[in-house]
């Protein structure tokens, strides 16, 4: 254990004269001065805090914050809405407001101007182009020819060709024997021909159609 002088020095000059602790459940007989003092300090702090909260609540409810001026309101020209709080003791008569809620300078009307309804005309069906018929090639009528011959006198004969749908001047005569042309001939629908000797001869004529590629021919016989 420490010497008495060391214990006295650590206790600030006081000697250890405290009575022994009382058994559990029994009072030592000394008043609890320290406990009572702490309770008083705690109660005082609670009361001061409650008072401060009450002051702040009053300022908030009355609309006057720290540094605010009672009765002050923002000029309507800045926000377009009258704001602020009433001053102390100020009352308003029934059905009276502080001012217009909407700034008249922004030209808002209570009843908006109706927008005219534009009715579109019904859509007209687009006319479909009439398809043009594909031209068909015109059928060309085939040429036709019929030949007939007769004896003029002696060994001279005259032949005539009856033609249709031919190119003009396309006739070609074949007399079937030697002789001379007296009149007409190829390129003509008739011919006068004199044979060099007596006999029976086959006379033919060939013609060309209008398309230039189809031909027709006919043959007959003559005896001189």
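The values are calculated or read from the model by the stated rules, or taken from the named source; none is laboratory data. The shown structure was predicted, so the numbers you read here are calculated from the model rather than taken from an experiment. Neighbour counts are summed over all protein chains in view; Cβ atoms, including those assigned to glycine, are modelled from backbone coordinates with ideal geometry.
Quick notes on this structure:
- Qualifying residue in segment 78-97 (condition: at pLDDT 85 or above and on the phi > 0 side of the Ramachandran plot): no
- Residue-level check: of (1) over 16 Å from residue 142 (Cβ atoms); (2) part of a loop (DSSP other than H, G, I, E, B); (3) in contact with a strand residue (DSSP E or B) (Cβ under 9 Å, 6 or more places away or on another chain), residue 170 misses just (1).
- Breaking point among (1) in a loop (DSSP other than H, G, I, E, B); (2) touching a strand residue (DSSP E or B) at 6+ places or on another chain (Cβ under 9 Å); (3) farther than 18 Å from residue 148 by Cβ, for residue 176: (3)
- Just one of the listed residues (157, 205) is at pLDDT 95 or above and more than 30 Å from residue 137 (Cβ to Cβ), namely 157.
- Any pair with Cβ under 6 angstrom, 6 or more apart, that starts in segment 158-183 at a residue that is free of Cβ contacts under 8 Å to residues at least 24 places away in the same chain and ends at one that is part of a loop (DSSP other than H, G, I, E, B): 169/187; 178/196
- Every condition in (1) more than 14 Å from residue 160 (Cα to Cα); (2) surrounded by fewer than 19 Cβ atoms within 10 Å (Cβ to Cβ); (3) touching a strand residue (DSSP E or B) at 6+ places or on another chain (Cβ under 7 Å) holds for residue 218 except the one numbered (1).
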